[in-house]
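Trainee: Can you keep this structure in mind? I'll have questions shortly.
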Amino acid sequence: MLGAMVASFGLLSLSMRTLPLGTSYMIWTGIGAVGAFVVGVWFLGEAVSVQRIIAALLIVVGIFTMKLA
């Protein structure tokens, strides 16, 4: 876990070389949020509902919209 955290912060710092802080941080947290959702559903057997899928898709759309802006 510590290795993954270090790698995550390292990749965040690399992205901040070409992207503004707000965009980098939004992408970083969005990947974490959607990733946690996918892991919860895939490996932990959490319930999948239309609302949860829509929420995850909205996060992804927000990330792409922020990147394009």
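We did not get these values from a lab; they are worked out from the coordinates using the rules stated. Note that the structure is predicted; figures quoted are calculated from it, not measured. All Cβ positions, even for glycine, are placed from backbone atoms using ideal geometry, and neighbour counts span all protein chains on display.
Trainee: Tell me what the chain gives for mean residue ellipticity at 222 nm when only DSSP H runs of n ≥ 4 count, each as -39,500 (n - 2.57), the sum divided by the residue total, rounded to 500 deg cm²/dmol.
Mentor: -27000 deg cm²/dmol
Trainee: To continue, here is another question. Write out the chymotrypsin sites (Phe, Trp or Tyr not before Pro) in the chain meeting two conditions: DSSP loop, and at most 12 other Cβ atoms within 10 Å of their Cβ.
Mentor: The qualifying sites are Phe43.
Trainee: What FRET efficiency, computed as 1/(1 + (r/R0)^6) with R0 = 22 Å and r the Cβ-Cβ distance, is obtained for Leu11 and Leu44, rounded to the nearest 0.05?
Mentor: 0.35
Trainee: If you average 1/r over every pair of different alpha-carbon atoms in the chain and take one over that average, what Kirkwood value in Å do you get?
Mentor: Evaluated on the chain, it is 13.2 Å.
Trainee: So what J values fall out for region 29-42 if you push phi through Karplus, 6.51 cos²θ - 1.76 cosθ + 1.60 with θ = phi - 60°, rounded to Hz, Gly and Pro as x?
Mentor: Karplus-based 3J(HN,Hα) across region 29-42 equals 6, x, 4, x, 5, 5, x, 5, 4, 5, 4, x, 6, 6 Hz.
Trainee: Now a separate question. Apply the Karplus curve 6.51 cos²θ - 1.76 cosθ + 1.60, θ = phi - 60°, to the phi angles in region 11-27 and return the couplings in whole Hz, x for Gly and Pro.
Mentor: Going residue by residue, I get 5, 4, 5, 5, 5, 6, 6, 10, 10, x, 4, x, 5, 4, 5, 5, 5 Hz, with x marking Gly and Pro.
Trainee: Which residues in region 49-69 place their backbone N less than 19 Å from a point set 7 Å from the Cα of Ile31 along the Cα-to-Cβ direction?
Mentor: Residues 56-69 qualify, since their backbone N sits under 19 Å from the label point.
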